[in-house]
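The values are calculated or read from the model by the stated rules, or taken from the named source; none is laboratory data. These numbers come from a predicted model, not from an experiment. Methodologically, a virtual Cβ is constructed for each residue, glycine included, from the backbone with ideal geometry; neighbour enumeration extends over all protein chains shown.
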């Protein structure tokens, strides 16, 4: 398993880095769109559709919607606004699972939730890429999420006692969340000193980093909740040793659109 994970990571990492940082404009939007479309194919399975025709059909619908969003950039505020509302609702659903499943157990509802997760992630990345420091900002949100994941892992193993959402993901603890938060805040402080931020800028950066960490945890738990409800361990086997695309980007699907909204709010 470890060998598979390493080989897959070595193959995917340069492809991902080239796609994120070398492509621009429509080429970048298409690259991210392919990833999101694969995620849609996986999500249809979480929604209860096992037939490949249904899964490909849902992926095709998502691809068409991404094209429409690309042609109509004025939809972006509405897409990201819906995402912020959704992740607030998702927080409640995760914390109240399994009782909350009565509200979203139908296949139709799950398919709509997939749109609320996948479409804003694409929209957020496209908008972040258009910023003057777009590549660095994309790296920033990823480093925040990865730093939180690493900090949560070690903190949870060392100090984890109080379960975060035992009905959703028994292995996660509040101590892990705190450890991940501390890791990301330290990263933010280091960046602030390197870039010579003012006290006000550093304060805003820390608040933003904390929000990104918490919403990334919700993104992770949300996919875990739907997988648990569906009785599925991994979203697919597309990535040997890593599961599926959604298993790798679940935290980012929540963090990216919220990060994009925070950038908008911080703009002069």
message: It is to be established whether one or more residues within region 112-126 are touching a strand residue (DSSP E or B) at 6+ places or on another chain (Cβ under 8 Å), crowded, with 19+ Cβ neighbours inside 10 Å and closer than 28 Å to residue 230 by Cα.
response: no
- prompt: What do you reckon, is residue 39 modelled with pLDDT under 95, part of a helix (DSSP H, G or I), in contact with a helix residue (DSSP H, G or I) (Cβ under 8 Å, 6 or more places away or on another chain) and under 23 Å from residue 258 (Cβ atoms)?
  reply: yes
task: Could you pull out the residue among 139, 65 that is on the phi < 0 side of the Ramachandran plot and within 16 Å of the chain's Cα centre (by Cα)?
output: 139
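Working carefully through the options 165, 105, find the one that is loosely packed, with under 14 Cβ neighbours inside 10 Å and touching a helix residue (DSSP H, G or I) at 6+ places or on another chain (Cβ under 8 Å).
None of the other options fit; the residue is 105.
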- request: Return the only residue of 249, 232 being at pLDDT below 95, closer than 21 Å to residue 94 by Cα and surrounded by fewer than 22 Cβ atoms within 10 Å (Cβ to Cβ).
  value: 232
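Rundown of residues vs (1) closer than 30 Å to residue 194 by Cα; (2) touching a residue at least 60 places away in the same chain (Cβ under 8 Å); (3) assigned to a helix (DSSP H, G or I), yes/no style:
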{"position": "105", "(1), (2), (3)": "no, yes, no"}
{"position": "122", "(1), (2), (3)": "yes, yes, yes"}
{"position": "126", "(1), (2), (3)": "yes, yes, yes"}
{"position": "131", "(1), (2), (3)": "yes, yes, no"}
- prompt: Across region 65-102, which residue is surrounded by the most Cβ atoms within 10 Å (Cβ to Cβ) among those that are in contact (Cβ under 8 Å) with a residue 60 or more places away in the chain and closer than 17 Å to residue 220 by Cβ?
  reply: 83
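Does region 190-203 include one or more residues that are surrounded by 23 or more Cβ atoms within 10 Å (Cβ to Cβ) and either assigned to a helix (DSSP H, G or I) or in contact (Cβ under 8 Å) with a residue 12 or more places away in the chain (or both)?
No, region 190-203 contains no residue that is surrounded by 23 or more Cβ atoms within 10 Å (Cβ to Cβ) and either assigned to a helix (DSSP H, G or I) or in contact (Cβ under 8 Å) with a residue 12 or more places away in the chain (or both).
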query: Of (1) at pLDDT 95 or above; (2) surrounded by 15 or more Cβ atoms within 10 Å (Cβ to Cβ), residue 20 satisfies all except one. Which?
result: (1)
query: Going by the structure shown, is residue 254 in a helix (DSSP H, G or I), over 20 Å from residue 34 (Cα atoms) and modelled with pLDDT of 95 or more?
result: no
